[in-house]
Amino acid sequence: MDRALVIKTTGSSYLVQLADGTTTECHIKGNFRIRGIRSTNPVAVGDYVSVETQSNGTNWITEIEDRKNYIIRRSTNLSKESHILAANLDQVALIVTLHHPETSTTFIDRFLATCEAYCVPAILIFNKTDLLTVEEQTELMKLRALYESLDYPTYAICAKNLDESIKTIFSKKVTLLAGNSGVGKSTFLNAIFGCEKTRTGHISDAHDKGMHTTTFSEMYALDEGWLIDTPGIKGFGAVQMQKEEISHYFREIFRIGRDCRYGNCLHTGEPECAVHDAVVDGRIAISRFESYLSLLGDCDEAKYR
Ligand SMILES: Nc1nc2c(ncn2[C@@H]2O[C@H](COP(=O)(O)OP(=O)(O)OP(=O)(O)O)[C@@H](O)[C@H]2O)c(=O)[nH]1
Ligand SMILES: [Mg+2]
Ligand SMILES: [Zn+2]
């Protein structure tokens, strides 16, 4: 039995790296499930597993070690199944673009809320700065100021002409690159490594969206750390969140919500709601409050499933 790190998943098989640095392909038995997590993929990139080799040479994953953490998302808003993006992370870098394609603030906030829920530090990387109009540059500054004020580190980059100083934020860490399809995750990863590690796609003219070029997650070794390229995510449904806890995952709503009249205030019209007052006077951004409400809405939806 060997201990191995899962570095690539392809749906039917897994590529693992053994202690001696060699890689090998593994399978799992059909009924392999992890207790408590209902997901379409029981084993994820970043998992440490035990591998057993049978006499005919096939490798089987027989056990998964407890995870430090993981990032999970509901495949679509209506599905009950969840998908684990990766496990055992030091940080998540969410790549976003203001256009080609446009990343919505709802998507950003849902993603950040999930990172809070699963205790993974998140950073925001705004890509494709070369494409921004003057108005969009102003918009970028506003968004960066908003998220920096919430203590999320932000960066503005052009992956096509990358200033390599950004590399230092990945040193000695396991980092998941996430974001909508077409925002430039794979382009960015290639630029970091200075070579074609992974395929990149293009943006459809008709829909101004990415073409889902990356179809499986894969991790690449970098300065004693790892960078994980993942397929583009469309929606980001909240997983396993109770209504009452959603505000805990919005840093400023949580902080200000402590001053609401009622301890169980959901900030949806209750009397003497401090969050309501803060939205009115601008201490809480409307975009953030709307994202919060949209996650609350998911919980109502979930009741009827
Ligand atoms: N102008 C410009 N284009 C970029 C930049 N970064 C990436 N692109 C382009 O955006 C398109 C999509 O890039 P990818 O790296 O494949 O995007 P992805 O996020 O990996 O997409 P999926 O694998 O589908 O999730 C390609 O045509 C890239 O050349 C950038 O900084 N500026
Ligand atoms: Mg890609
Ligand atoms: Zn309130």
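The values are calculated or read from the model by the stated rules, or taken from the named source; none is laboratory data. Please read these numbers as outputs of a predicted model, since none were measured by experiment. Cβ atoms come from the backbone with ideal geometry, glycine included; neighbour counts cover every protein chain shown.
Some values worked out for this structure:
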| quantity | calculated |
| --- | --- |
| Failed criterion for SER79 (all others in (1) under 13 Å from ILE233 (Cβ atoms); (2) modelled with pLDDT under 95 hold) | (1) |
| Residue count, the range 223-234 (criterion: more than 10 Å from ligand 2 (Cβ to nearest atom) and under 24 Å from HIS99 (Cα atoms)) | 3 |
| Count of residues meeting criterion [part of a loop (DSSP other than H, G, I, E, B) and in contact (Cβ under 8 Å) with a residue 40 or more places away in the chain] in the range 184-194 | 1 |
| Strands (runs of 3 or more DSSP E) (entirely within the range 39-137) containing at least 1 residues that are closer than 19 Å to ALA285 by Cβ, in contact with a helix residue (DSSP H, G or I) (Cβ under 9 Å, 6 or more places away or on another chain) and among the aliphatic types (A, V, I, L, M) | 91-96, 122-126 |
| Filtered residue count, the range 1-32, keeping only those that are touching a residue at least 40 places away in the same chain (Cβ under 8 Å), of a type in the set (Gly, Ala, Ser) and more than 16 Å from VAL174 (Cβ to Cβ) | 1 |
| Single unsatisfied condition, PRO121 versus (1) surrounded by fewer than 22 Cβ atoms within 10 Å (Cβ to Cβ); (2) closer than 22 Å to HIS207 by Cα | (2) |
| Residue match in the range 133-155 (condition: under 25 Å from ARG73 (Cβ atoms), at pLDDT 95 or above and among the small types (Gly, Ala, Ser)) | no |
| Selection from the range 177-208 of residues that are of a type outside the set (Phe, Trp, Tyr) and more than 13 Å from ligand 2 (Cβ to nearest atom) | ILE192, GLY194, CYS195, SER204, ASP205, ALA206, HIS207, ASP208 |
| Breaking point among (1) within 16 Å of ligand 2 (Cβ to nearest atom); (2) under 23 Å from GLU102 (Cα atoms); (3) hydroxyl-bearing (Ser, Thr, Tyr), for TYR220 | (2) |
| Some residue of the range 286-296 being more than 18 Å from ALA113 (Cα to Cα), away from ligand 2 (no atom under 16 Å from the Cβ) and either in a helix (DSSP H, G or I) or basic (Lys, Arg) (or both) | no |
| The range 225-284, residues that are near ligand 3 (Cβ under 9 Å from one of its atoms), loosely packed, with under 14 Cβ neighbours inside 10 Å and assigned to a helix (DSSP H, G or I) | none |
| Filter result for the condition that a residue is over 30 Å from ALA206 (Cα atoms), out of contact with any Pro (no Cβ under 9 Å at 6 or more places or on another chain) and assigned by TED's automatic domain parsing to the domain that holds HIS212, over LYS172, LYS160 | LYS172 |
| Test: SER181 is touching a Lys or Arg at 6+ places or on another chain (Cβ under 7 Å), within 21 Å of THR103 (Cα to Cα) and not in a helix (DSSP H, G or I) | yes |
| Failed item, numbered, when THR268 is tested on (1) among the β-branched types (Val, Ile, Thr); (2) farther than 24 Å from THR103 by Cβ; (3) within 16 Å of ligand 2 (Cβ to nearest atom) | (3) |
